[in-house]
Amino acid sequence: MKKGQWDNEYYFYDNGSIKHFYDLSVKKYNIERMVSPTKIPEQDKQAILDKIDECPAQWQEFVLGLLRG
């Protein structure tokens, strides 16, 4: 999702779970946690929506449905 020095990525699984993979600092990096769609900040949701066309076509509606709750 966001490219640059710090990771901030979301992985969507076909069972409906979402993993957030991110870095907080140089000493706190590669953090993984499972999140619900309601816990994804609006700016991150918008960034995902802005790049939804990079998602395989057969999964786009699935991801959109998860984000919309």
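Quick look at the values:
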| quantity | calculated |
| --- | --- |
| Hey, Val26 out of contact with any strand residue (DSSP E or B) (no Cβ under 7 Å at 6 or more places or on another chain) and among the β-branched types (Val, Ile, Thr) or not | yes |
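Rundown of residues vs (1) of a type in the set (Gly, Ala, Ser); (2) surrounded by 13 or more Cβ atoms within 10 Å (Cβ to Cβ), yes/no style:
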residue	(1), (2)
Asn15	no, no
Ile18	no, yes
Ile31	no, no
Met34	no, no
Pro41	no, no
Ala47	yes, yes
Glu54	no, no
Leu64	no, yes
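No value in this document is a laboratory result; all are computed from the given coordinates. Predicted model only: the values in this text are computed from it and were never measured. Glycine also receives a Cβ, built like all others from the backbone with ideal geometry; neighbour counts cover every protein chain displayed.
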